[in-house]
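Before any comments, here is the structure.
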Amino acid sequence: YWIQKGELWVDIRVTNPLDELGALNVDIFSYKNGVEFSKLPKLNLRLLGNQLFARDGRRHVSKAEIQYDLEKKTLLIRIPLTLLKSPDYLFVSARTLQNELSFDFGSWRILKVNRQ
């Protein structure tokens with residue numbers, strides 16, 4: 001995870017192939033001092049095969065707002081910080097699934113956002 005040119009970049013190595021039964025799930029929750037946590041974005045990104053689906057709670061996030069590139073065993077996702085409401089911190093986690101059964105779970109991380 002890193003910040004570059006006003007975007008959050010997420011670089012994930014995918015060790016298992018993601019077929020129609022497998023998925024990669026990434027959660028990104030924003031936190032901003034002085035703003036009620038419930039009012040901030042809580043993104044859920046799900047990669048099924050080579051398609052990325054994004055939601056913020058019940059709201060569908062358009063593909064135009066989030067860019068991704070899946071090449072070989074690497075997934076690179078770029079999310080504008082404006083979509084995340086210019087947070088001070090991010091709570092992030094990633095996991096792989098097969099038939100809704102979790103294979104790998106990356107523990108939750110708290111990232112301090114240093115804007116450049």
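Every read-out reported here was derived from the displayed coordinates using simple, explicitly stated rules and does not represent laboratory data. Everything numeric in this text was worked out from a predicted model, so none of it was measured. Heads up, the Cβs are rebuilt from the backbone with ideal geometry, glycines too, and the neighbour counts pull from every protein chain shown.
The stretch between residue 76 and residue 40 holds 10.6 nm of extra length on full extension. This uses 0.36 nm per residue minus the Cα-Cα distance.
With a Förster radius of 41 Å applied to the C-beta separation of residue 48 and residue 114, the computed FRET efficiency comes to 0.80.
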